[in-house]
Amino acid sequence: QVQLVESGGGLVQAGGSLRLSCVASGRTFSTYPMAWFRQAAGKEREFVAAISRGGYNIGYADSVKGRFTISRDNAKNTLYLQMNSLRPEDTAVYYCAAATGQAMGIRESDMDYWGRGTLVTVSS
């Protein structure tokens, strides 16, 4: 079992930056492929970015490619999402998620543990 706690959300103007963090409990963080998802009001939750256990494989949704960077520090049990050039359409609750399988996951069904989310609001 792993517990995930996100932080770093807030209100930012369009074009600004934020860095989200997700701290995982337990000693096995390095064994979990991790991902970020987001859910805007009235919309379904969608994939944002994923990273493999060792951080060598990374994937992004087309909508954030070139603007967002996912990373992890296994020594600190922490997952990050650096978000640059933010747009109003990036406004959403952002969730981190962990998978118990070996492969990096990009679908909600791939993930086994979820945080409660952190709200990011981008004003125009």
Subject >> Residue selected from the range 25-35 under the condition of a type outside the set (Ser, Thr, Tyr) and open to solvent by 10 Å² or more (accessible area, probe 1.4 Å), by the criterion modelled with the highest pLDDT >> reply: 26
Original post:
Given (1) free of Cβ contacts under 8 Å to residues at least 40 places away in the same chain; (2) closer than 18 Å to residue 26 by Cβ; (3) under 14 Å from the mean Cα position of the chain (by Cα), where does residue 67 come up short, assuming only one miss?
Top reply: (2)
**OP:** Please verify whether the range 53-65 includes one or more residues that are touching a helix residue (DSSP H, G or I) at 6+ places or on another chain (Cβ under 9 Å), closer than 20 Å to residue 117 by Cα and among the β-branched types (Val, Ile, Thr).
**Re:** yes
Original post:
For the range 56-68, how many residues are polar (S, T, N, Q) and surrounded by 14 or more Cβ atoms within 10 Å (Cβ to Cβ)?
Top reply: 1
Original post:
Would you call residue 40 modelled with pLDDT of 95 or more, closer than 19 Å to residue 3 by Cα and touching a strand residue (DSSP E or B) at 6+ places or on another chain (Cβ under 8 Å)?
Top reply: no
**OP:** Identify the residue in the range 69-101 that is in contact with a helix residue (DSSP H, G or I) (Cβ under 9 Å, 6 or more places away or on another chain) and not in a strand (DSSP E or B) and, among all such residues, is surrounded by the fewest Cβ atoms within 10 Å (Cβ to Cβ).
**Re:** 75
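Yes or no, residue by residue, for (1) surrounded by 14 or more Cβ atoms within 10 Å (Cβ to Cβ); (2) not in a strand (DSSP E or B):
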residue: 2; (1), (2): yes, yes
residue: 11; (1), (2): no, no
residue: 15; (1), (2): no, yes
residue: 21; (1), (2): yes, no
residue: 37; (1), (2): yes, no
residue: 43; (1), (2): no, yes
residue: 47; (1), (2): yes, no
residue: 54; (1), (2): no, yes
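The values are calculated or read from the model by the stated rules, or taken from the named source; none is laboratory data. As the structure is a computational prediction, the values presented were derived from the model and not from experiment. With ideal geometry, Cβ positions are generated from the backbone for all residues, glycine too; neighbour counts draw on all protein chains shown. For the accessible areas, the whole protein counts, side chains as well, though only heavy atoms, and no ligand, DNA or RNA atoms are used. Shrake-Rupley method; radii C 1.70, N 1.55, O 1.52, S 1.80 Å.
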